[in-house]
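The values are calculated or read from the model by the stated rules, or taken from the named source; none is laboratory data. This structure is a prediction, so every number in the text was calculated from the model and none was measured. Cβ placement follows ideal geometry from the backbone for every residue including glycine, while neighbour counts extend to all protein chains displayed.
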Amino acid sequence: MGTRDPVRVPIPHTAREIEADLTRRIAAGQFRPGARLPTYDALAEEYGSARRTVARAVDALKARGLVVGVPGSGTYVAE
């Protein structure tokens, strides 16, 4: 019998892990000042986590002053 490749299942990330990764990506310049972050839904899919988990991570970034939310527009990297 042949060997089967393992199925890759996204591992859900915690809000802290997502916050740390987004912080790293901002510091690395992947998201520059004034840049709009992907939507919560897009980030939830990317990280394999619930939308609420992503929202908690982004809320923590807002509390630290790294990003700002603009109602009806999105979340942007602070300038």
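Odds and ends about this structure:
- Selection of segment 45-70 for residues being assigned to a helix (DSSP H, G or I) and of a type in the set (A, V, I, L, M) yields VAL54, ALA55, ALA57, VAL58, ALA60, LEU61, ALA63.
- Residue that is surrounded by the fewest Cβ atoms within 10 Å (Cβ to Cβ) [pool: residues in segment 37-75 that are more than 17 Å from THR14 (Cα to Cα), of a type outside the set (A, V, I, L, M, F, W, C) and within 12 Å of the chain's Cα centre (by Cα)]: THR39
- The residues of segment 48-79 that are under 17 Å from GLN30 (Cα atoms) and among the hydroxyl-bearing types (Ser, Thr, Tyr), listed by number, are THR75, TYR76.
- Look at segment 7-19: where a residue is part of a helix (DSSP H, G or I) and a partner is of a type in the set (Val, Ile, Thr) and modelled with pLDDT of 65 or more, sitting 6+ places away or on another chain with Cβ atoms under 7 Å, you get ALA15/THR53; ILE18/THR53; ILE18/VAL54.
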